[in-house]
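Visitor: Quick one: this structure, given as structure tokens, is what I'll be asking you about.
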Amino acid sequence: MGIFERYAPFVQDFIYRNRWESLRAIQVAAGDAVFNTDENVLLSASTASGKTEAAFFPILTLFSEDPPRSVGAIYIGPLKALINDQFSRLNDLCAEADIPVWHWHGDVAQSHKNKLLKHPSGILQITPESLEALLLHKHMDIVRLFGDLRFVVIDEVHALMRGDRGGQTLCLIERLSRLAGVNPRRIGLSATIGDPEGTGRFLASGTGRGTVIPKLENKGTRWRLSMEHFYITGPQSAEDGETPSDALPPLEAPTDEAPVHADPGMGYIFEHTRGKKCLIFVNSREECEAVTTTLRQYCEVKNEPDRFLIHHGNLSAAYRETAEAVMKDDEQFRTTVTTATLELGIDIGRLERAFQIDAPFTVSSFLQRMGRTGRRDLPPEMWFVMREEQPEPRAMLPTTIPWKLLQGIALVQVYLEERWVEPPKLDRLPYSLLYHQTMCTLASCGEMTPAALASRVLSLSYFHRVTQDDFRLLLRHLLETEHIQRTETGGLIIGLAGERLTSSYKFYAVFQENEEYTVRCRSHELGTICLPPPAGEKIAIAGQVWVVEEVDHKRHMVYCEEIKGKVPAYFGQCPGDIHTKILERMRQVLCEEKSYPYLMQNAVSRLAQARHTARNAGIGREPLLNLGGDMWVLLPWLGTYAFLALERFLKLRCAPLLGLRGLDSSRPYFIQFTMQADRDTFFRVLAEEAEKPFDPLELVYPKEIPLFEKYDEFLPAQLVKKGFAYGILGITEMKERIKAWTDAL
């Protein structure tokens, strides 16, 4: 029997109604794995290839034949918007079979949640944070709600694997499975997985099952890709240059132009979004606000209706959902400026074009953003817009290199040449998450002996690197700080300080959050900001400028009125993590003579300038360059965490031996410093120090407690330092690079 024939009749009808002429390869492979094995399944295929349907067609077929007596499948999605989108898609599919679909997150009405609690059934779509809240507050109902749970589907699994959130998701599934007495199969979905086998092992942790990873032929897709460069002020790199004849897409003549004195990069975007449905991706919420405000001002100057929307995580649900609804409407040609919140999986209809301002940090992010376009038989289309200030005539050498342009080219090239995507980082020491899961376990279970608590927490597969001694140290510290307390019988319960934390809804999340204030204009909630200014000052949010009328610090509320103008927004730090593979390819971009067909005229000219500079200065050939006198620059071409290790290695172990001072990093591109020693002495000292055995903890500054993750501040300092030194710093990679430099001398 073929997979289509094995599907339930209502699934077959759904396929006929949507006029699908045949099943896609991913759907056939998923059907075979779900129907014919008892293993976990990892489905990796390009965006818009039908992975969600591939997973749920066989699941729903099995449910129609043997209905579960509780919630039968949990779908875990990383974003509320993705869950809302999938909810409407799954609802249509399940309606005829009378299989309920529930969604559960912070924006869902309590009445909808209460219906599920009364009649647990069908499919539950939920974020990791809401699942944590459910385990915490409905502990006694878990068996009734999930006693016949058969599948857990984790969407965009790659997005959950680069930090504590993925570990939390695994812990949640294991805790829920133990409480409910079930061992559901796990199905992971992703368009961008760098190490399928490693991801498969991660997905299967604690299940006693293997993971089926269907190997699918990757059909070539033609991209429409362009990359242009702009100086924010002054003449452009190629005022009289020609556009490369084979660049994709060719520049179309705009029907109208940006205002005369517009920022050239913003004007370029303004002109090429007119009459089209587009997304503009940026790398931070601050930039999202600034770009939206600028583009709306251009509409105003040109007496055009506002055609720009905004979407990021600090906006209220109303603003986000409005943008999503407008983008799904095929009759409206609007453009949304967004962060990663529209990067994942949401179908926003016939999107014609995506813009990316500067380079994203990862190949995975580039592919996800590119994949928002190219649906409904259109080719995927992305226009990169690289912007930088014109280098000053007397600028130091490394600051004259267009790092973001090189990074963008490198991201594209490593994928085109090798189909390479970042592998998951699964070797950290997750002490912050250990604190969180310890407190969650104790809060939900009530009094436990130290041995029972250790057994419950340390047996979670994600904590396989955590020792009994580490956990003992943590518990002693939590007792001292009153996060937990000992009862008269010797058991452990949540303490006074812990109670304040665990009772807040913000405790459910393990990703870093800043102290946020809700912003309101009369009855409308606009979103949240960090560090609100005093009354009378201006703020930027929702793509508009507002004047603050009152700040209520006790209730964390900001009241404001809309005004004209422009002001920077601030939502907290937004660090990026770049892999060494990308830095090495950036070096190659500088050194090779190769041309790239997607570069437009300014980008071609700017790259030629950079290559000329690099050739003359020896950048690319030599890692250490003298800038004149005792000023030096080191270009290690290392990713973020190995670069961080090298920076500390130089300061803490090598500086006294080299007379090295004034170390100034532009992470992860270069390090400038003054030095008394010569080039040969520099590399000899580095090699000798790297060969000596040293504890990674020696790369933590003497009085430093490197708070990296959300709950690090509640850990004993010893564990914070150990987690940073052994789990974050790329010391092995740093040592390999130093050895390569020595061997090359």
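Visitor: Quick one: of the DSSP bridges fully inside the chain, what percent are antiparallel, nearest 5? If you can, show how the numbers build up before the last one.
Guide: Details: 35 of 86 bridges.
The antiparallel fraction comes to roughly 40 percent.
Visitor: Using θ = phi - 60° and the Karplus form 6.51 cos²θ - 1.76 cosθ + 1.60, what ³J(HN,Hα) does each residue of the range 483-499 get, whole Hz, x for Gly and Pro?
Guide: 6, 10, 9, 9, 8, 4, 8, x, x, 10, 9, 5, x, 4, 5, x, 4
Visitor: Additional query: State in Å² the accessible area per residue of the range 606-745; use a 1.4 Å probe, count heavy atoms of protein chains only, and round to the nearest integer.
Guide: On the way: 6220 Å² over 140 residues.
The answer is 44 Å² per residue.
Visitor: Here's another thing I want to ask about it. Label points 7 Å out from Cα along the Cβ direction at Glu389 and Asp98: separation in nm?
Guide: Taking the simple label geometry, Glu389 and Asp98 are separated by 6.8 nm.
Visitor: Name the residue farthest towards the positive end of the dipole of the chain from the options Tyr596, Ile310, Leu172, assuming +1 on Cβ of Lys and Arg, -1 on Cβ of Asp and Glu, about the Cα centre.
Guide: Value: Leu172.
Visitor: Please compare each pair in Lys80/Lys113; Lys425/Lys739; Lys692/Lys735; Lys51/Lys404 to a cut-off of 22 Å on the Cα-Cα distance and tell me which ones are over it. Walk me through the numbers on the way to the answer.
Guide: On the way: Lys80/Lys113 15 Å; Lys425/Lys739 24 Å; Lys692/Lys735 11 Å; Lys51/Lys404 33 Å.
Pairs exceeding 22 Å: Lys425/Lys739; Lys51/Lys404.
Visitor: For Met600, Met140, write out the residues from largest to smallest accessible area, computed with a 1.4 angstrom probe and no ligands counted.
Guide: On the way: Met600 0, Met140 170 Å².
Reading off the accessible areas and sorting them downward yields Met140, Met600.
Visitor: For Ser504 and Thr481, FRET efficiency with R0 = 22 Å and r from the beta-carbon atoms, rounded to 0.05?
Guide: Step by step, r from the Cβ atoms, then E = 0.85.
Visitor: Nearest 20 debye, what's the magnitude of the dipole of the range 283-383 about its Cα centre given +1 on Lys and Arg Cβ and -1 on Asp and Glu Cβ?
Guide: Details: 13 positive and 17 negative charges, 27 e Å.
So the magnitude is around 140 debye.
Visitor: Continuing with this model, one more query. Using helices alone, what [θ] at 222 nm do you get for the chain, with -39,500 (n - 2.57) per DSSP H run of 4 or more residues, divided over all residues and rounded to the nearest 500? Present the calculation step by step, with values, prior to reporting the outcome.
Guide: Details: 26 runs with 293 residues, N = 745.
Rounded to the nearest 500, it is -12000 deg cm²/dmol.
Visitor: Could you order the peptides 684-694, 329-339, 262-272 from most to least packed, using the average number of other C-beta atoms within 10 Å per residue? Write out the running numbers ahead of the final one.
Guide: On the way: 684-694: 15.2, 329-339: 18.1, 262-272: 21.8.
The packing order, highest mean first, is 262-272, 329-339, 684-694.
Visitor: Could you give the length gained by full extension between Ala535 and Cys299, i.e. 0.36 nm per residue of separation minus their alpha carbon distance, to one decimal place?
Guide: Extending this stretch completely gives an extra 82.0 nm.
Visitor: Short version: ³J(HN,Hα) in whole Hz for each residue of the range 587-593, in order, from phi by Karplus 6.51 cos²θ - 1.76 cosθ + 1.60 (θ = phi - 60°), x for Gly and Pro, what are they?
Guide: Rounded to whole hertz, the list is 4, 5, 4, 5, 8, 7, 9.
Visitor: Measuring from label point to label point, each 7 Å out along Cα→Cβ, what is the Glu197 to Leu745 span in nm?
Guide: Modelled inter-label distance: 3.7 nm.
Visitor: Going 7 Å from the Cα of Val143 along its beta-carbon direction, which residues of the range 63-79 have the amide nitrogen within less than 15 Å of the resulting point?
Guide: 70
Visitor: Still on this model: Heavy-atom accessible area per residue, the range 108-222, 1.4 Å probe: how many Å²? Could you put the intermediate results ahead of the total?
Guide: Working: 4360 Å² over 115 residues.
Dividing the accessible area of the range 108-222 by its residue count gives 38 Å².
Visitor: What ranking of Lys554, Lys506 comes out by heavy-atom accessible area, probe 1.4 Å, highest first?
Guide: Values: Lys554 190, Lys506 60 Å².
Correct descending sequence by accessible area is Lys554, Lys506.
Visitor: Once you sort the root eigenvalues of the Cα gyration tensor of the range 16-66 as a ≥ b ≥ c, which label holds: rounded (a/c under 1.5), prolate (a/b larger than b/c) or oblate (the other case)? Let's see the in-between values first.
Guide: Working: a/c = 2.09, a/b = 1.19, b/c = 1.75.
Oblate shape, in that a/c is at least 1.5 and b/c is the bigger or equal ratio.
Visitor: Next question, about the same structure. How many percent of the accessible area of the chain is carbon or sulfur, using a 1.4 Å probe?
Guide: Working: 15730 of 31380 Å².
The value for the chain is 50 percent carbon and sulfur by accessible area.
Visitor: What does the accessible area per residue of the range 396-537 come to in Å², with a 1.4 Å probe and no ligands, DNA or RNA counted? Don't jump to the answer; show the numbers that get you there.
Guide: Working: 6390 Å² over 142 residues.
It amounts to 45 Å² per residue over the range 396-537.
Visitor: Then there is this: Nearest 20 debye, what's the magnitude of the dipole of the chain about its Cα centre given +1 on Lys and Arg Cβ and -1 on Asp and Glu Cβ?
Guide: 1040 debye
Visitor: Going through the range 438-511, which GluC sites (Glu not before Pro) have at most 12 other Cβ atoms within 10 Å and a DSSP loop state? Working shown, then result.
Guide: On the way: sites: Glu447, Glu480, Glu482, Glu488, Glu499; in loops: Glu447, Glu482, Glu488.
Sparse-neighbourhood loop GluC sites (Glu not before Pro): Glu488.
Visitor: Shifting gears a bit: Between Tyr669, Asn36, Val700, whose Cα lies farthest towards the positive end of the dipole of the chain when Lys and Arg beta carbons carry +1 and Asp and Glu beta carbons carry -1, centred on the Cα centre?
Guide: So the residue we want is Asn36.
Visitor: With a point put 7 Å past each Cα toward its Cβ, work out how far Asp13 is from His464 in nm, to one decimal.
Guide: For the pair Asp13/His464, the computed spacing is 4.6 nm.
Visitor: At a 1.4 Å probe radius, which order do Val28, Val71 fall into by accessible area, largest first?
Guide: So the residues, ranked largest to smallest area, are Val28, Val71.
The values are calculated or read from the model by the stated rules, or taken from the named source; none is laboratory data. Here the structure is a predicted model, which means the values were calculated and not measured. FYI the Cβ positions are ideal-geometry reconstructions off the backbone, even for glycines, and counts take in every protein chain you see. What goes into the accessible areas is simple: the full protein's heavy atoms, side chains included, and nothing from ligands, DNA or RNA. Shrake-Rupley method; radii C 1.70, N 1.55, O 1.52, S 1.80 Å.
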